[in-house]
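Presented below is the structure to which this report refers.
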Amino acid sequence: MSAEKIYLGAGCFWGVEAILKKQEGVINTEVGYMGGHSDNPTYKQVCTGETMHAEVVLVDYDSSKISTYDLLDIFLRLHDPTQVNRQGVDVGTQYRSEIFYTNEKQKEVSQQILSEFNQANSFSKEAATKVSEASVFYDGEDYHQDYFDKNPGHLCHTLRAEW
């Protein structure tokens, strides 16, 4: 097994986690916050926009079963990566599209797939997705973890067949 970690921000972390955790090769997911400037932020603080954290999903995956490229392809299909600081009706810096990589290979693959996305021009505009080195990950509150397992019947993300 080749275990890797990557952190993905694509709007509300509930739906992102619900889709990613079902993918073959994904070992574990956890929701939380990354990319801000305060320690141990709470959901309430993140929602003010003042901490500058993104809602992210930590994805532990077996890269021998799902490649970083394929995982990022799913990431691009589960949200609109051209939107800045929002997804649908959710607006704020915490909802930005961002890939937080943990190694240089992930960085390269992130840049490659975003270049391909932009060349495909599927959304008539370029991706606003940021590619950043992973920083400190702060766990989301317990009630956010596996949210749709605990609250069935809701869904805020869907997986498109293609970009």
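Say whether the condition of being loosely packed, with under 13 Cβ neighbours inside 10 Å and more than 21 Å from E17 (Cα to Cα) is met by at least one residue in the range 131-138.
no
Can you confirm whether D70 is under 17 Å from C156 (Cα atoms), of a type in the set (D, E), under 16 Å from the mean Cα position of the chain (by Cα) and surrounded by 14 or more Cβ atoms within 10 Å (Cβ to Cβ)?
On the way: under 17 Å from C156 (Cα atoms): no; of a type in the set (D, E): yes; under 16 Å from the mean Cα position of the chain (by Cα): yes; surrounded by 14 or more Cβ atoms within 10 Å (Cβ to Cβ): yes.
So D70 does not fit the description; no.
Just need a number here: residues in the range 7-28 that are of a type in the set (V, I, T) and in contact (Cβ under 8 Å) with a residue 60 or more places away in the chain. Full working, then the answer.
Taking the range 7-28 first, the residues of a type in the set (V, I, T) are 16, 19, 26-27.
Then drop every residue that is not in contact (Cβ under 8 Å) with a residue 60 or more places away in the chain, which leaves 16, 19.
The total comes to 2.
What residue, of Q23, Q87, is at negative phi, modelled with pLDDT under 95 and touching a helix residue (DSSP H, G or I) at 6+ places or on another chain (Cβ under 8 Å)?
Q87
Being of a type outside the set (F, W, Y) and in a strand (DSSP E or B) is the filter here, so list the residues in the range 1-28 that pass it.
Scanning the range 1-28 gives A3, E4, K5, I6, L8, G9, A10, V26, I27, N28.
Under 9 Å between Cβ atoms, which residue pairs at least 6 apart in sequence (or on different chains) link something in the range 146-163 that is of a type outside the set (D, E, K, R) and surrounded by 13 or more Cβ atoms within 10 Å (Cβ to Cβ) with a partner that is modelled with pLDDT under 75 and in a loop (DSSP other than H, G, I, E, B)?
What qualifies is Y147/H154; F148/H154; F148/L155; F148/C156.
So that you can scan it fast, the table gives a plain yes or no per residue for (1) among the hydrophobic types (A, V, I, L, M, F, W, C); (2) over 14 Å from P81 (Cβ atoms):
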residue: Y101; (1), (2): no, yes
residue: Q106; (1), (2): no, yes
residue: V109; (1), (2): yes, yes
residue: N118; (1), (2): no, no
residue: F123; (1), (2): yes, no
residue: A127; (1), (2): yes, no
residue: Y138; (1), (2): no, yes
residue: E141; (1), (2): no, yes
residue: D146; (1), (2): no, yes
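Is it the case, given these coordinates, that N118 is out of contact with any Pro (no Cβ under 8 Å at 6 or more places or on another chain), surrounded by 13 or more Cβ atoms within 10 Å (Cβ to Cβ) and free of Cβ contacts under 8 Å to residues at least 12 places away in the same chain?
yes
Looking at Y43, Y69 in this structure, which one is under 25 Å from N151 (Cα atoms) and among the aromatic types (F, W, Y)? Walk me through it before giving the result.
Details: Y69 fails: under 25 Å from N151 (Cα atoms).
Answer to the selection: Y43.
Any idea which of S63, S97 is touching a strand residue (DSSP E or B) at 6+ places or on another chain (Cβ under 9 Å), surrounded by 15 or more Cβ atoms within 10 Å (Cβ to Cβ) and farther than 19 Å from S132 by Cα?
None of the others qualify; the one that does is S63.
The values are calculated or read from the model by the stated rules, or taken from the named source; none is laboratory data. A quick note: this is a predicted structure, and the numbers were derived from the prediction, not measured. Note that each Cβ is placed from the backbone with ideal geometry, even for glycine, and that neighbours are counted across all protein chains shown.
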